[in-house]
Amino acid sequence: MIDISAQIRLSTQPRPIDIGADKAMTVANAAASIPIIKTDDLATVWLSLTAFGRQAETLLRHDKGELLNIHGTLQLSQWTAPDGTEREQWSVAVQSIVSARTTRAGGNVSRETIRDKWSSGRNVSRETICTH
């Protein structure tokens, strides 16, 4: 298994799976673009996403077509289809999701706090504002 961080676009609407006992599970499919060595082209890799718990709830808040940044464990499943062809599917067990729905500009700092810091004339770096 490989740890992966990737920017992906959801190709299906995320759907919940009932696994009972107050446990959340969500699945979806997504596309990621990867560069092809020695060219300017990109290849599309199709991924199956599985998320549990809080990440499952977060994934459910997104819609088909949305862009997400994910981190998780990458696996390759291989099997023989009924017609005899060899098949494979990349899948990610999602451990974290970052998107426009999960973050706010400036982290936990309100706009008033940022405005106050800048208008007070204090020498405050952008990193300080974004991390407090």
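Within the range 8-87, report the trypsin sites (Lys or Arg not before Pro) that DSSP leaves as loop and that have at most 11 other Cβ atoms within 10 Å.
Values: sites: Arg9, Lys23, Lys38, Arg54, Arg61, Lys64, Arg87; in loops: Lys23, Lys38, Arg61, Lys64.
Passing sites in the range 8-87 are Lys23, Lys38.
Find how much the distance from Asn69 to Ser33 grows on full extension, using 0.36 nm per residue of separation minus their present alpha carbon separation; answer in nm with one decimal. Before the final figure, lay out each step's value.
Details: separation 36, 0.36 × 36 = 12.96 nm, distance 1.24 nm.
Extra length available between Asn69 and Ser33 comes to 11.7 nm.
Modelling each spin label as a point 7 Å along the Cα-to-Cβ direction, I'd like the Leu76/Ser96 distance in nm, to one decimal.
Taking the simple label geometry, Leu76 and Ser96 are separated by 2.7 nm.
Could you check the spin-label model distance between Arg87 and Glu57? Points 7 Å from the Cα along Cα→Cβ, value in nm.
3.4 nm
Under a plain spin-label model, where a point goes 7 Å from the Cα along Cα-to-Cβ, how far apart in nm are Ser48 and Thr103?
3.0 nm
Taking N as the number of residues in the range 2-101, what is its Cα Rg relative to 2.2 N^0.38 Å?
Details: Rg = 14.6 Å, N = 100, 2.2 N^0.38 = 12.7 Å.
Expressed relative to 2.2 N^0.38 Å, the Cα Rg reads 1.15.
FYI, it's all coordinate maths here, none of it is from the lab. These numbers were taken from a predicted model, which means no experiment stands behind them. Note: ideal-geometry Cβ built from the backbone for every residue, glycine included; neighbour counts use all protein chains shown.
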